[in-house]
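Just so it is clear, none of the values below were taken in a lab; they were calculated from the coordinates. Given the structure is predicted, the values throughout are model-derived calculations rather than measurements. So basically every Cβ, Gly included, is an ideal-geometry build from the backbone, and we count neighbours across all protein chains shown.
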There are 2 protein chains.
Amino acid sequence: MSKQLVFGHKNPDTDTICSALVYADLKKQLGANAEPARLGEVNKETQFALDYFKVDAPQLIEKVGEDVDSVILVDHNEFQQSVDNIKDVRVAEVVDHHRVSNFETKEPLYFRAEPVGCTATILNKMYKENGVELSKENAGLLLSAIISDSLLLKSPTCTQEDVDAAHELAEIAGVDLEKYGLDMLQAGADLSDKSARELITMDAKEFSMGDAKVEIAQVNTVDASKVYELQADIEAEIDKNISDKGLDLFLFVVTDILNNDSEVLARGEGKAKVEEAFSATLDANNRALLKGVVSRKKQIVTALTDAYTK
Amino acid sequence: MSKQLVFGHKNPDTDTICSALVYADLKKQLGANAEPARLGEVNKETQFALDYFKVDAPQLIEKVGEDVDSVILVDHNEFQQSVDNIKDVRVAEVVDHHRVSNFETKEPLYFRAEPVGCTATILNKMYKENGVELSKENAGLLLSAIISDSLLLKSPTCTQEDVDAAHELAEIAGVDLEKYGLDMLQAGADLSDKSARELITMDAKEFSMGDAKVEIAQVNTVDASKVYELQADIEAEIDKNISDKGLDLFLFVVTDILNNDSEVLARGEGKAKVEEAFSATLDANNRALLKGVVSRKKQIVTALTDAYTK
């Protein structure tokens, strides 16, 4: 039977890894020869969830092999965030919760995007729609994805659907939502062993905004000042990245998961766009504290795209 | 309450008009301030359906007004097929059954595309999912859309879901599927009063294929030779269109709804791509008979895109 690969975006986060695992399972239960995959290293937060629910990480792939008939994208649709040879493969399905951009197919497909906080919330519905029961492990993985994307239901991207799904899934998974959630987020916020290069790549995404190429990296922490002890090295890595990729702007976002705000560092010719987008002033260190800003998707990409396209 | 417009593509066909009418009704029943609209003249086939079920055509718009908060696209997603100021408005939803291309948003949205033969088939499901009952009139409109897009369930784009929906809807609408379907298709196939210009514009769509701009117009008939009595005038109109829009190729597709094949006429620099795509030879009149080809979407756009991008 023709093989189908299910994967999320590069620099995988918890939603991307867990949604690939769980949707591949649903497809298998519905009769498809589906396998989950990932496009990069598993981060500490995700590893905490996988360990807790005793699930193996999906296979790491660099490109889609010739034995694969079609792919299913979860948690992303923009080609620059996907596998390198995405343009050479048939995309059969997309299940996502992001804006739609830089995506196209030759043929009709099943494309399902909903403006909720997490892909896992949509997958929880799809199990019900198909009358398939979620195992304890799969419920735990979907719950972990929601906690991650919503910063424990506190992000402005979090909808009532996400909240309801999280409570439902915590019950099936048999965990205390608050306690499990904080433990998982803190496991991810441990940046003590990260190099400057790792900090700016571990959760980085590239975006097209107007004619500009913008990369935005985000890390979660409980102490932003610790992260910025490496500022000189971080800036050197960012500048190298800007010249390698021809970026107009690189924005490094350090999000405090206890205070729910972000201290950002901007480099590149587009620095002024950051000030414009957030009505903020970058200090002498190229940094600004953005109060209440925690969501790359809903608060940062939208504001910057506005600044670049108006 | 903020106003939402629901509309399909330019050069509206029966699926586009009926899906806009019926989805606006569903949104209203669910509490939205939604209004259906259309981007062009109602064709004879669609008018037959509207008259039969005693429903008024939606309002004609040239652009989205400033009083509109967001729009819902049905039966299309490619911006070049949409309203002229589509890039200035917020797209809140898409319900479609075509490939995804030249579409992007700044924010997450509800995007639902499924690889079925007709938007109306998806809307029929959405009524059920939302527990809303279809009126006799709305069932008749959805049925008309399926008959139109599937050439009475004979097109290769027609799936089992479309067939099942058509039978279900015919029952609610209280019509005989075969008889009503043939009457409606024949009303649309009456081209006797059409000028050459009308023939090439009444159901024309523009596509990006690789770097090429391609326009494909399709008419249904019961006698292709009648249409080609106007060939000299048709070619003159096509050539004008090619130079006005800077097209690489214009393909005029005359589909015989009784024999289920198409006689095509190709003009423009990309003529050879047509021969390549269909392994056919254009005769001295730039025409070729494509046996069994009736679907622009599934048989023509895909084959031509392959020829342009390989």
What does the net charge come to around B:LYS245 if you take all other residues with beta carbon closer than 12 Å to its beta carbon, with K and R at +1 and D and E at -1? -3
Once Lys and Arg are counted +1 and Asp and Glu -1 for all other residues with Cβ under 9 Å from that of B:LYS3, the total becomes -3
Using R₀ = 60 Å, calculate the FRET efficiency as 1/(1 + (r/R₀)^6) where r is the Cβ-Cβ separation of A:GLU133 and B:LYS226; round to 0.05. 0.50
Copies compared at B:LEU289 - label distances in nm, ascending, label defined 7 Å from Cα in the Cβ direction: 8.0
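Using Cβ counts within 10 Å as a stand-in for footprinting exposure, how do B:THR121, B:THR105 rank, fewest first?
Working: B:THR121 27, B:THR105 18.
Fewest-to-most ranking of B:THR121, B:THR105: B:THR105, B:THR121.
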Scalar couplings 3J(HN,Hα) for segment B:181-196 by Karplus 6.51 cos²θ - 1.76 cosθ + 1.60 (θ = phi - 60°), nearest whole Hz, x for Gly and Pro, are x, 5, 4, 5, 4, 5, 4, x, 7, 7, 9, 4, 9, 8, 7, 4
Evaluate the distance, in nm, between pseudo-label points positioned 7 Å from the Cα of A:ASN85 and of B:LYS28 along their respective Cα→Cβ axes. 5.2 nm
Which whole-Hz couplings ³J(HN,Hα) result when phi for each residue of segment B:275-283 is put into the Karplus expression 6.51 cos²θ - 1.76 cosθ + 1.60, θ = phi - 60°, listed in order with x for Gly and Pro? 4, 5, 5, 10, 6, 10, 10, 6, 7
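Can you pull the percent of Cα pairs in the protein assembly as shown with separation above 42 Å?
29 percent
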How far apart, in nm, are the 7 Å Cα→Cβ label points at B:LEU60 and B:LYS240? 1.9 nm
Checking the table A:LYS87/B:LYS245; B:LYS205/B:LYS240; A:LYS87/B:LYS310; A:LYS205/A:LYS271; A:LYS63/B:LYS273 against a 21 Å threshold on Cα-Cα, which pairs fail? A:LYS87/B:LYS245; A:LYS63/B:LYS273
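Show that you can apply the helix-only estimate: for chain B, add -39,500 (n - 2.57) for every DSSP H stretch of four or more residues, divide by all residues, and state [θ] at 222 nm to the nearest 500.
When only DSSP H runs of four or more count, the value is -11500 deg cm²/dmol.
By how many nm would the segment from A:ASP211 to A:LEU182 lengthen if fully extended, with 0.36 nm per residue of separation less the alpha-carbon distance?
So the chain would gain 6.5 nm between A:ASP211 and A:LEU182.
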Debye intensity ratio I(q)/I(0), log10, segment B:68-176, q values 0.12, 0.14 Å⁻¹ (C-alpha model): -0.45, -0.60
For label points placed 7 Å from Cα toward Cβ, what is the shortest-first list of nm distances from A:LYS63 to its copies? 4.5
Rounded to two decimals, what is the ratio between the C-alpha radius of gyration of chain B and 2.2 N^0.38 Å? 0.97
For chain B, take the longest principal axis of its alpha carbons; what is the angle in degrees between that and the long axis of helix B:136-150, to the nearest 10 within 0 to 90? 20 degrees
If amide hydrogens are placed 1.01 Å from N in the peptide plane, which non-local residues have theirs closer than 5 Å to the one on B:ASP261? B:ASP256, B:GLY292
Residue mean of other protein chain beta carbons inside 10 Å, A:50-58: 0
Along Cα-to-Cβ, 7 Å out, sits the label point; list in nm, shortest first, how far the one on A:ALA232 is from those in the other copies. 8.4
With label points set 7 Å from each Cα along the Cα-to-Cβ direction at A:ASP69 and A:ASP261, the distance between them in nm comes to 5.4 nm
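Exceeding 27 Å between C-alpha atoms, which entries from my cross-link table qualify? They are A:LYS3/A:LYS297; A:LYS125/A:LYS213; A:LYS54/A:LYS128; A:LYS44/A:LYS136. Could the numbers behind the result be given before it?
Numbers: A:LYS3/A:LYS297 32 Å; A:LYS125/A:LYS213 35 Å; A:LYS54/A:LYS128 24 Å; A:LYS44/A:LYS136 21 Å.
Result: A:LYS3/A:LYS297; A:LYS125/A:LYS213 exceed 27 Å.
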Relative contact order of segment A:4-189, defined on C-alpha pairs under 8 angstrom at six or more residues apart (%): 23 percent
If you add up the charges near A:LEU304, with Lys and Arg at +1 and Asp and Glu at -1, over every other residue whose beta carbon is less than 13 angstrom from its beta carbon, what do you get? +3
By count of other Cβ within 10 Å, fewest leading, how are A:ILE72, B:ILE61, A:ILE216 ordered? B:ILE61, A:ILE216, A:ILE72
For a bin width of 5 Å, list the pair-distance distribution of segment A:4-189 built from all Cα-Cα distances, rounded to whole %. 1, 9, 19, 23, 21, 16, 8, 3, 1, 0
For segment A:93-99, in residue order, the Karplus 3J(HN,Hα) values (coefficients 6.51, -1.76, 1.60; θ = phi - 60°; whole Hz; Gly and Pro = x) are 8, 9, 10, 7, 10, 9, 4
Suppose R0 equals 45 Å; then what is the FRET efficiency for A:ASP306 and B:ASP306 from their Cβ-Cβ distance, rounded to the nearest 0.05? 0.75
5 angstrom amide H check on B:ASP75, placed H, neighbours 5+ away: B:VAL95, B:ASP96, B:HIS97
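Which order do peptides A:250-261, B:193-204, B:128-139, A:109-120 fall in by mean Cβ count within 10 Å, highest first?
Working: A:250-261: 20.4, B:193-204: 17.3, B:128-139: 14.8, A:109-120: 24.3.
Peptide ranking by packing, descending: A:109-120, A:250-261, B:193-204, B:128-139.
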Least to most buried among A:SER101, B:SER295 (fewest other Cβ within 10 Å first): A:SER101, B:SER295
